[in-house]
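Before any comments, here is the structure.
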Amino acid sequence: MAFCLAHSTAPPDPREAREAEILQSIRTTFAEKGFDGASMQELARAAGMSVGNFYRYFPSKAAMVEAMIRRDIADVEAKFAEVLGAPDPLAALRQALHERVAEECGGCVDGPLWAEINAVAARKSEIAAVVRMKEAEVTAFLTRAFSHVTRLPLAEAEARFCHHASLLVMMVKATAMQGRLDASRPDREGLLHLILRIIDVILSEVASARAER
């Protein structure tokens, strides 16, 4: 049994590891310069590579954005796995959403990047398709979490709570695109608390289905 388990884990792919390093190194340049403003030369320089070598990993800026989004989906999937494995999955989901919103309101470094990606999606259909895929994946993760929490069959959870999941995705996305809430704004804390309260209301409605069973 131990022998089988040891051989079932694939070794890390060096190319994937290098791609991850490149994407991490160019995020700031992408966010600051914008999709159209950042040249391949500038992006290659940020990654510490020659342009020719850079093209071997990413033949276009659209390919970079798609890779960023796919990696973000993988991160979200890992986070949901933690939520489902928690002693109280609903409380873990609530905490994860609260932390994500607080990060975005506090000026998460990726906020400007995702705002730029969504702006590009309005102009480029291939980017829009990947952004829609990400939102659909996150919505699906949420409905699966709702099914797990309520013990409802997945189809029933999707029918009852697909709009709850979509609203949560929209709220987190809008918060990320707005970015940092200036501490000098008189409504900063009030707005943050309202967003968190709406999240709690949505999750309470989901939890009510568990009480029905």
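Rule-based calculations on the coordinates, nothing more; no lab input. Note that the coordinates shown come from a computational prediction; the quantities given were computed from them, not determined experimentally.
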(request) May I ask you to evaluate 6.51 cos²θ - 1.76 cosθ + 1.60, the Karplus curve with θ = phi - 60°, for each residue of region 74-88 and list the ³J(HN,Hα) values in order in whole Hz, giving x for glycine and proline? (result) 4, 5, 5, 4, 5, 5, 5, 4, 5, 4, 5, x, 6, x, 10
(message) To make sure I understand the rule: partners must be lysines, Cα under 20 Å from the Cα of LYS61, and not fewer than 8 residues away in the same chain. Which ones qualify?
(response) LYS33, LYS124, LYS134
(message) Give me the three principal axis extents of region 77-148 from the C-alpha atoms, as integers in angstrom, largest value leading.
(response) 43, 27, 15
(message) Over region 57-102, what portion of Cα pair distances is larger than 18 Å, expressed as a whole percent?
(response) 45 percent
(request) Would you compute the Debye intensity of region 126-179 from its alpha-carbon atoms alone, equal scatterers and no solvent, and pass along log10 I(q)/I(0) at q = 0.18, 0.20, 0.28 Å⁻¹ to two decimals? (result) -0.61, -0.71, -1.03
(request) Go from 0 up to the bin containing the longest alpha carbon distance in region 27-148, width 5 Å each, and give me the % of pairs per bin. (result) 2, 10, 17, 19, 18, 14, 10, 6, 3, 1
